[in-house]
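A.B. asks: Encoded as structure tokens, here's the structure I'll be asking about.
The values are calculated or read from the model by the stated rules, or taken from the named source; none is laboratory data. Since the model is a prediction, treat every value here as computed from it, not as a measurement. Note that each Cβ is placed from the backbone with ideal geometry, even for glycine, and that neighbours are counted across all protein chains shown.
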Amino acid sequence: MPLINEFWDPWIWFGYGSLGLATILVSLVYVLSGFLMNDRMKTWAKMELTEILYSAIIIVLALSAVKTVDAVVQGSLGVSNVPAVGTPASCYAPGETTAFVPTRDTGVFGSATYYRCLNICGDGIANDPDSIYHNIDSCHMRLGVWYLREIFDEAKDFAFNIYIDYIYTSMIAEFTINIEFLFEKAGFFTFNPWRGFFTMENTVKEQVFDWTMKIMTLTKFQEVMLHFISMALFPAMFVTGVILRTFTFTRRLGGLLLAMAIALYFIFPAFYAFGALVMLDIKGQAYEDWINNAEANPQGTDNPNPPVANTMYLAGDFAVMGGDFSTREAVDELRYFEGQSPDDHLRYMEQGDARYIPRFDLSTDEYSDESGLTQEEVDELQSNALESAREAGDSWFDKVSRRGKDSDFITFAWERNGPVETLSRITFWSLFFSLFSIIGTIAAIRSLSITFGGDIEIAGLTRLI
């Protein structure tokens with residue numbers, strides 16, 4: 001494997017040199033045991049010669065054996081590091097690792113180049129040096145990274161939908177009415193008539209959003225960890241373990257490092273890769289319905305990636321105070337946020353330069369240019385504008401005060417495809433495979449460490465799990 005070669009080549013002389021030095025020292029001990037007629041020394045020397053021979057075999061097979069193990073892992077998953085030559089398979093085809101992958105993040109949703117049908121294990125997805133898959137050679141590792149990125153993106157969309165809805169209900173809950181009494185002694189009192197309608201659902205939204213952000217953080221951590229294992233930890237730990245395995249006093253440490261390197265690179269991501277294959281199969285079954293369902297996917301072919309967890313937006317439009325907010329608007333607004341430069345985002349925050357988020361506009365179009373009008377006409381125009389604004393405000397506040405309207409989210413929260421069920425799905429996809437990955441990795445380290453003559457005293461980790 002290229003990365004192991006890069007780490008191994010500068011140290012190959014050290015590995016062979018340490019083997020030669022160890023052989024000479026053990027031979028001297030063996031000869032000395034004959035002069036001293038010490039059977040214990042002779043037995044120890046024979047055992048050490050066996051260990052040195054074992055270390056030499058490990059060094060010789062270091063590169064070829066890793067490639068073989070890599071091929072075995074890919075074969076067990078039914079995938080290949082080198083896709084078959086021929087006509088490219090269609091996306092989400094059974095038995096294939098092709099998927100619609102976002103190739104750029106510019107905030108312009110719907111571009112023909114935003115999603116491309118690429119083979120996750122092929123060269124096209126990793127050619128760009130900026131690609132997250134660049135320099136990741138093994139298919140199972142790429143599948144693991146793709147799987148975690150899909151979960152993160154779905155959690156991100158879900159959190160954004162909750163955020164949009166929370167903006168309005170949190171603001172409405174703080175609306176106040178001031179009543180003043182003016183007589184000999186003045187006084188007033190304030191009450192919040194709508195807080196009771198929205199306090200509970202705002203609490204639910206806060207908890208859902210908070211948990212989703214934790215899931216996103218955990219998922220991104222796992223993705224970064226897979227990338228770090230592939231790019232740095234595995235080759236460095238593998239080569240270091242091989243070198244330390246040649247010395248008597250560091251043999252147990254070297255064997256443990258070898259076991260950890262192999263388990264972290266092959267066993268740990270293999271469970272994520274299995275999850276990715278399950279996810280690809282689910283997306284393949286849902287693809288046609290997803291593309292042809294204008295309500296669930298108003299973007300059509302511009303959004304060819306069906307969800308597996310975030311189904312909250314399958315109802316199309318979802319109600320917010322003051323009107324409805326469509327899935328199309330939510331996705332467009334999110335992509336717009338993602339593509340903003342720091343200057344654009346600052347302007348957005350300062351000027352409220354939102355494109356799709358509905359605002360409570362109580363203004364009127366009746367008030368126009370006053371030039372050429374008499375004072376009476378200006379007064380009448382302003383009076384009509386004020387009356388229109390007051391009527392709009394009264395109508396909107398009337399909607400807010402309807403109890404049935406206010407309780408929509410609470411009833412929706414527990415329904416099928418509602419926020420709670422969607423969050424449960426995201427939690428499952430984020431934690432289920434990672435749990436078995438950790439358990440399997442620890443078990444593999446214990447078994448492989450014995451094979452390589454390493455330390456097996458990791459019972460503390462086992463008890464922790």
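A.B. asks: Using the structure shown, decide if Y147 is in a helix (DSSP H, G or I) and farther than 22 Å from I438 by Cβ.
C.D. replies: In short, no.
A.B. asks: Do any residues in the stretch 437-462 that are more than 20 Å from V239 (Cα to Cα) have Cβ atoms under 6 Å from those of residues that are at pLDDT below 75 and surrounded by 13 or more Cβ atoms within 10 Å (Cβ to Cβ), where the two are at least six apart or on different chains, and which pairs are they?
C.D. replies: If the second residue must be at pLDDT below 75 and surrounded by 13 or more Cβ atoms within 10 Å (Cβ to Cβ), the pairs left are I442/L461.
Residues are listed down the side, and each one gets a yes or a no for (1) of a type outside the set (F, W, Y); (2) in contact (Cβ under 8 Å) with a residue 24 or more places away in the chain; (3) in contact with a Ser or Thr (Cβ under 9 Å, 6 or more places away or on another chain); (4) closer than 28 Å to E154 by Cα:
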position: M213; (1), (2), (3), (4): yes, yes, no, yes
position: A232; (1), (2), (3), (4): yes, no, no, no
position: V239; (1), (2), (3), (4): yes, yes, no, no
position: F247; (1), (2), (3), (4): no, yes, yes, no
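A.B. asks: Quickly run through the stretch 421-430 and pick out the residues that are surrounded by 15 or more Cβ atoms within 10 Å (Cβ to Cβ) and either farther than 21 Å from L143 by Cα or not polar (S, T, N, Q) (or both). It would help to see each step written out before you state the result.
C.D. replies: Here is the first cut: in the stretch 421-430, the ones surrounded by 15 or more Cβ atoms within 10 Å (Cβ to Cβ) are 421-423, 425-427, 429-430.
Answer for the stretch 421-430, where residues must be surrounded by 15 or more Cβ atoms within 10 Å (Cβ to Cβ) and either farther than 21 Å from L143 by Cα or not polar (S, T, N, Q) (or both): E421, T422, L423, R425, I426, W429.
A.B. asks: Kindly indicate the residue of the stretch 14-42 that is among the hydrophobic types (A, V, I, L, M, F, W, C) and within 19 Å of L258 (Cα to Cα) and also modelled with the lowest pLDDT among those meeting that condition.
C.D. replies: Among residues in the stretch 14-42 that are among the hydrophobic types (A, V, I, L, M, F, W, C) and within 19 Å of L258 (Cα to Cα), the one modelled with the lowest pLDDT is F14.
A.B. asks: Going by the conditions given, is A99 modelled with pLDDT of 80 or more, among the aliphatic types (A, V, I, L, M), surrounded by 21 or more Cβ atoms within 10 Å (Cβ to Cβ) and within 16 Å of the chain's Cα centre (by Cα)?
C.D. replies: It is false that A99 is modelled with pLDDT of 80 or more, among the aliphatic types (A, V, I, L, M), surrounded by 21 or more Cβ atoms within 10 Å (Cβ to Cβ) and within 16 Å of the chain's Cα centre (by Cα).
A.B. asks: Okay, moving on. Quick check on S434: is it more than 30 Å from F266 (Cβ to Cβ), modelled with pLDDT of 55 or more, assigned to a helix (DSSP H, G or I) and not acidic (D, E)? Before the answer, list the steps.
C.D. replies: Numbers: more than 30 Å from F266 (Cβ to Cβ): no; modelled with pLDDT of 55 or more: yes; assigned to a helix (DSSP H, G or I): yes; not acidic (D, E): yes.
No.
A.B. asks: Report the residue count in the stretch 256-303 for those that are at pLDDT 85 or above and in contact with a Lys or Arg (Cβ under 7 Å, 6 or more places away or on another chain).
C.D. replies: Total satisfying the criteria: 1.
A.B. asks: Looking at (1) surrounded by 18 or more Cβ atoms within 10 Å (Cβ to Cβ); (2) over 30 Å from I426 (Cβ atoms); (3) touching a helix residue (DSSP H, G or I) at 6+ places or on another chain (Cβ under 8 Å), find the lone condition where T250 falls short.
C.D. replies: It is condition (1) that T250 fails.
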